[in-house]
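Read through the structure below, which is laid out as structure tokens, and then see the notes.
FYI, it's all coordinate maths here, none of it is from the lab. Since this is a predicted model, take the numbers as computed values, not measurements. Cβ: placed from backbone, ideal geometry, glycine included. Neighbour counts: every protein chain shown.
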Amino acid sequence: MPCRTGSHSTLLSALVLVLLAGCRTTPDFDPRYRPAENVLEVVAVLRAHIPDDTYRFPPARDFTGRNVYRSSLLRLESIEQLHEDALRAGHMTGVIAFAKGRSFERMRAYDLASQSYLVAAEADPTLRAESLHSADVCDSFMRVIATGPSEDLTDVEIQARHISGTSPETVVAAFEDQISLLETLGEVVSGTHHYYIVDEEVERSDVARGQYFAGLRKVLPDGDVRAVAEFQRLVVRHPDSKNLNRHLLALADLYVDLAVEYAGAHPPEGLNFDPARFQELIDAGTRLYEMVANQDGTPEKLEASRRLEAFLAFALAIDNDRFTP
């Protein structure tokens with residue numbers, strides 16, 4: 001007769017192995033993406049990066065690889081949701097609101113930053129003075145940004161404004177007034193982290209000015225020359241910016257557009273095609289792409305290399321069309 005005790009023992013062992021195998025297949029959560037243990041953990045990381053010069057250098061990234069200001073905000077909001085009952089007493093309300101204000105202002109959400117600072121000022125007397133000052137600074141940023149032309153205008157909208165009577169001189173005056181207000185604000189916040197935000201806003205104003213005149217290329221008599229001059233101005237004014245390579249690429253792309261448009265308007269096989277003029281555009285764009293492509297360790301290096309290859313291929317095709325028998 002078969003041994004029943006042995007059968008039960010074998011069956012039990014098999015069940016244990018199945019259960020253990022099932023336990024081993026359960027995925028463990030990546031500790032990097034678990035909720036923060038407490039508010040101070042998030043605030044400590046954020047505080048370490050509040051003084052960072054985000055005009056010259058890209059924003060720091062936390063251990064998950066995210067922008068440290070955005071990730072800190074997400075973690076604070078996660079803590080508020082997960083520990084709503086524990087935080088109801090309000091002991092950490094001021095600290096959380098102040099930290100969220102610091103995150104919002106680096107994300108250019110100045111209205112939300114101001115609101116958070118006012119909450120912090122009301123909830124925590126020790127943070128009141130700095131919170132009120134930061135709220136005033138954020139309100140100033142909002143007022144200054146509102147003085148300049150909109151940054152979200154399309155080329156069609158820009159051209160429509162020009163046709164309706166908005167002169168280039170008026171636009172330039174508006175941008176210059178905005179820069180003047182930002183420079184005045186920079187004097188007020190000199191020596192604080194807000195000074196770097198001022199630098200970033202000055203750069204954004206100059207970028208918007210360049211893009212505005214790029215949108216007017218087709219309607220101004222000297223539109224192409226003016227657009228190139230504005231982007232050259234942007235590069236010269238911000239040589240220390242973290243976005244310098246992007247500005248160089250934008251200028252190079254403008255030369256590409258000019259070269260393509262010139263070849264389209266003056267077919268290379270025709271008598272109106274000026275090889276010297278076309279070569280000027282090719283040389284200018286090539287030099288700019290090479291400047292960026294030769295910078296090791298930058299994210300724009302590969303992008304510039306690929307655009308340079310495409311641009312040179314276009315130029316070679318024009319040469320073949322013109323000089324091949």
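Assorted remarks:
- With a simple spin-label model that places each label point 7 Å from the Cα along the Cα-to-Cβ direction, the separation between VAL172 and SER305 comes to 4.1 nm.
- Dipole orientation for the stretch 239-325: of the candidates TYR289, PRO275, LEU302, LEU302 has the Cα lying most toward the positive pole (charges on Cβ; Lys, Arg +1; Asp, Glu -1).
- Axis angle, to the nearest 10 degrees, between helix 128-147 and the longest C-alpha principal axis of the chain: 30 degrees.
- About the Cα centre, charge dipole magnitude for the stretch 33-147 (Lys/Arg +1, Asp/Glu -1 at Cβ), debye: 400 debye
- Helix 194-215 axis, angle to the chain major axis (alpha carbon atoms, nearest 10°): 50 degrees
- In a simple Cβ point-charge model (Lys, Arg +1; Asp, Glu -1; nothing else charged), the stretch 168-325 has a dipole of about 240 debye relative to its Cα centre.
- Using only Cα coordinates, the Kirkwood hydrodynamic radius of the stretch 33-147 works out to 14.5 Å.
- Site pair SER150 and ARG61 shows an inter-label distance of 3.4 nm when each label is modelled 7 Å from Cα along Cα→Cβ.
- A convex hull fitted to the Cα coordinates of the stretch 243-325 yields 74 cubic angstrom per residue.
- Backbone HN-Hα couplings from phi across the stretch 217-222 [Karplus 6.51/-1.76/1.60, Hz, Gly and Pro as x]: 4, 7, 10, 8, x, 10
- About the Cα centre, charge dipole magnitude for the chain (Lys/Arg +1, Asp/Glu -1 at Cβ), debye: 1320 debye
- Rounded to 10°, Cα long-axis angle of helix 275-293 versus longest principal axis of the chain: 20 degrees
- Residues with amide H under 5 Å from that of ARG61, placed H, sequence gap 5 or more: VAL68
- Rg of the Cα atoms in the stretch 223-290, relative to 2.2 N^0.38 Å, amounts to 1.23.
- With N counted as the residues of the chain, its alpha-carbon radius of gyration over 2.2 N^0.38 Å works out to 1.47.
- Counting every alpha-carbon pair across the stretch 148-221, the share separated by more than 19 Å comes to 39%.
- Think of the stretch 44-127 as a dipole: +1 on every Lys or Arg Cβ, -1 on every Asp or Glu Cβ, centred on the Cα centre; then among TYR55, TYR69, GLY94, TYR55 lies furthest on the positive end.
- Over the chain: helical MRE at 222 nm, DSSP H runs n ≥ 4 each giving -39500 (n - 2.57), nearest 500: -23500 deg cm²/dmol
- Using a cutoff of 8 angstrom between alpha carbon atoms and counting only pairs six or more residues apart, the relative contact order for the chain works out to 11 percent.
- Among the GluC sites (Glu not before Pro) found in the stretch 101-179, those both in a DSSP coil and sparsely packed, with 13 or fewer other Cβ atoms within 10 Å of their Cβ, are GLU151.
- In the chain the longest region clear of chymotrypsin sites (Phe, Trp or Tyr not before Pro) that are loop-assigned by DSSP and have at most 16 other C-beta atoms within 10 Å covers 64-325.
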